[in-house]
Amino acid sequence: MLGVCYYPEHWPRERWAEDAERMRALGLTYVRIGEFAWSRIEPDPGRFTWEWLDEAIETLGNAGLKIVLGTPTATPPKWLVDRHPEILAHDAQGHPRKFGSRRHYTHSSRVYLQESHRIVTEYARRYGQNPHLAGWQTDNEYGCHDTVRSYGPEDLRAFRSWLQAKYGRIDALNTAWGTVFWSMEYRSFDEVDLPNLTVTEPNPSHVLDFYRFSSDQVVAYNKMQVEVIRQYSPGRFIAHNFMGFYTHFDHFAVADDLDVASWDSYPQGFTDREAPISDERKVHYARASHPDIAAFHHDLYRGTKARWWVMEQQPGPVNWAPNNPSPAPGMVRLWTWEALAHGAEVVSYFRWRQVPFAQEQMHAGLHRPDFQPDVGYFEAKQVLEELARLPLPQTTQAPVALIYDYEASWLFETQPHGSGWNYTVLCMHFHTALRKLGLNIDFVRPGADLSGYKLVVAPSLPIVREKTLEALEKAPCPIVLGPRTGSKTEHFQIPPGLPPGALQALLPLKVTRVESYRPGLADTVFFGGEKWKAEVWKEWIESDLEPIATFGDGKGAIYQHHHLHYLAFWPSREFLNAYLGQVVRALGLSVNLLPDGMRVRQRGNLVFAFNYADHPQAAPAPRGAEFVLGGPTIEAYNLSIWKQE
């Protein structure tokens, strides 16, 4: 099913009924509204103007649309900020982040927690049993605009309380943080400050705990909203819309309290702004987007919750990337089908109509500001026509699992020990390599049950807790562990007995030294009769095991013990294509390296092939395949679907 985001408060009321009828005529099922409407709902403290939202919900619902109602807490109104400026977040320089855009609050504000509880309660009481209401979205894009970590008085108070609850006694904190170093010892929790504005690098243990605390604040804030909604609106699903390339809070933990995980998919914007590829490759994929950007996040958020949506799908040029070209003809359709192939329950386009004012006036919608359909409208229409004759089977467990660890991202952000080290980039290397081999991938959290998988990859797990160790030991398949796995204790210290710490019980080796390489500096890895570049990172290993690959200096680069493989270097995508390809072929899986721009995804008995390239390519289908969409030649920016034999 498809949906759309709509903002009735942006348009004259006389347009609402026409918009609703056109949405339904197009074939849309869901419409999300209300997530930025606090000032229109409560223009003055305690004075509510519900009539317009009542009418909007009734109008949309009477047209046969199902409503997803967003709680309005991402945009506290001016009167609330003026009354309680302490709700504002503070940047790392200690400056308040003022009113005038969105997400201008800290999750640690006691007042804002109360006010959020109050407005969510009002929303849920009024609309929780509305027959047109299908579900809820809590807030909007937690963390957008770098708003998880705040450095104000309310954050300091809450952080000290969090530390006291965690450690109990200040001497336990001092030991965990190693504060004897540089005379950083504390006599009480009231002496602990936030880890900003220090003369040089703050204590990494301090920083990591602050990042954990900041994540926990988001989890608690979301849980508060969920509990209110469940009280007044039983039987409706609750979702949140996560973002791309965002790691400042644990999305698995937030999703634990949700019914549906969703994310906002803007593949072109992410390609231009954040994709870990060269400028030359960004130009190459400027109109199509990198073929693994959307898929990486589809797999990630499906991993946080079995039910998942794309809450906002890019329908045309965005406004927020450094450069915003128009998508190539066919890409909105391709992105929609890519999400469905990965198991999306709903794909919802942002938005019904491009607004002609304020910050997002240059962001496209399904309609232009003059009320005429835009390019994305017709591509969505084509998808709906295709879906009408092509029922989709259920998704099943992938053959490969990728262990994704938000805490690892925080740890490496705190102390990367090399300018090129980036956890998300490393994970994308593994994911892209597996995609290039034509494999489906599931994302799982550390400690998850790994039964049923043919292969597990962990790009890096610096902290290996007991539950994770048990899962790795019990896994019935090969596990490929990336560099720096087991390199730290949970208090951000080098493990006793050296890395990989407790993992040495399963993998008898020690990391005795590490090196990080600047761009242009690299070592060589000899594997499979070929030479591969080892850039960014290298580890020196002591072990009685015989390495299965070596560096140019003869030191071991890859070790295997039973089902565990350990890579003592930063692997390139090209190396991973070769190495992981060898591992999966040894398991009896049929894989072939796909050409540039071609990707496949299997859903049930259907195989989807997507051509992100600017030229036609042959579908990687077996001879005699039964195509249900497209054919053996896939045109540029197009797709084909065939039945699996």
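Here are the numbers for this structure:
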{"item": "Sites ASN605 and ARG585, calculated FRET efficiency, Cβ-Cβ separation with R0 22 Å, nearest 0.05", "result": "0.40"}
{"item": "All Cα pairs of the range 457-521, percent lying beyond 17 Å", "result": "41 percent"}
{"item": "Whether the range 500-549 is rounded, prolate or oblate, judged on the alpha carbon gyration tensor where a/c under 1.5 counts as rounded", "result": "oblate"}
{"item": "Distance histogram in 20 Å bins (all Cα pairs of the chain, percent per bin)", "result": "18, 50, 29, 3"}
{"item": "Three-way shape label, the range 8-69, alpha-carbon gyration tensor, a/c 1.5", "result": "prolate"}
{"item": "The range 344-499 - Rg over Rh from alpha carbon coordinates, Kirkwood radius", "result": "1.14"}
{"item": "Distance in nm between pseudo-label sites at ASP146 and GLU626 (7 Å out along the Cβ direction from Cα)", "result": "5.5 nm"}
{"item": "Tensor-based shape of the range 426-496 (alpha-carbon gyration tensor, a/c under 1.5 rounded, otherwise prolate or oblate)", "result": "oblate"}
{"item": "Size-normalised alpha-carbon gyration radius of the range 165-307, reference 2.2 N^0.38 Å", "result": "1.41"}
{"item": "Convex hull projection area averaged over all views, the range 329-375, Cα basis, nm²", "result": "3.8 nm²"}
{"item": "Surface/4 estimate of mean projected area, convex hull on alpha-carbon atoms of the range 273-426, nm²", "result": "11.4 nm²"}
{"item": "Cα pair distances in the range 511-639, grouped into 10 Å bins until the bin that holds the longest one, percent each", "result": "11, 32, 24, 20, 12, 2"}
{"item": "Computed label-point distance, nm, for sites ALA17 and PHE245 using a 7 Å Cα→Cβ extension", "result": "4.6 nm"}
{"item": "Carbon/sulfur fraction of accessible area - the range 297-366, other protein chains in place, 1.4 Å, %", "result": "57 percent"}
{"item": "In nm, spacing of pseudo-spin labels at LEU521 and GLU490 (7 Å Cα→C-beta vector)", "result": "3.6 nm"}
{"item": "Debye intensity ratio in log₁₀ form over the Cα atoms of the range 19-153, taken at each q of 0.21 Å⁻¹", "result": "-1.19"}
{"item": "³J(HN,Hα) computed for each position of the range 526-532 - Karplus, 6.51 cos²θ - 1.76 cosθ + 1.60, integer Hz, glycine/proline x", "result": "9, 8, x, x, 10, 9, 10"}
{"item": "Where a label projected 7 Å from the Cα of GLN644 along Cα→Cβ would reach, residues of the range 583-601 with amide N under 14 Å", "result": "589-591, 600-601"}
{"item": "Normalised contact order of the range 166-216, rounded percent, pairs of Cα under 8 Å and 6 or more residues apart", "result": "28 percent"}
{"item": "Antiparallel DSSP beta bridges within the chain, as percent of all bridges there, nearest 5", "result": "50 percent"}
{"item": "Under the Debye formula (equal points on every Cα, no solvent term), log10 I(q)/I(0) of the range 85-201 at q = 0.12, 0.16, 0.18 Å⁻¹", "result": "-0.60, -0.89, -1.01"}
{"item": "Length-normalised contact order for the range 452-600 - Cα pairs under 8 Å, 6+ apart - percent", "result": "19 percent"}
{"item": "Relative compactness, the range 155-236, computed as alpha-carbon Rg over 2.2 N^0.38 Å", "result": "1.40"}
{"item": "Karplus-derived 3J(HN,Hα), 6.51/-1.76/1.60, for each residue of the range 602-617, Hz, glycine and proline x", "result": "9, 10, x, 9, 10, 10, 9, 10, 10, 9, 7, 7, 8, 8, x, 9"}
{"item": "Stretch gain in nm, segment ALA92-ALA388, where the contour uses 0.36 nm per residue and the Cα spacing is subtracted", "result": "101.4 nm"}
{"item": "Axial C-alpha extent at least 18 Å, average Kyte-Doolittle at least -0.5 - helices from the chain (DSSP)", "result": "204-232, 375-388, 423-436, 573-586"}
{"item": "Long-range amide H partners of GLY34 with built H, under 5 Å", "result": "GLY70"}
{"item": "Counting all C-alpha pairs of the range 304-394, share separated by more than 18 Å (%)", "result": "47 percent"}
{"item": "Potential extension, GLU9-ARG125 segment - 0.36 nm per residue separation minus Cα distance", "result": "39.7 nm"}
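The values are calculated or read from the model by the stated rules, or taken from the named source; none is laboratory data. Keep in mind the model is a prediction, meaning the values are calculated, not measured. Neighbour counts run over all protein chains shown; Cβ positions are idealised from the backbone, glycine included. These area figures cover heavy atoms from the full protein model, side chains too; ligands, DNA and RNA do not enter into them. Shrake-Rupley method; radii C 1.70, N 1.55, O 1.52, S 1.80 Å.
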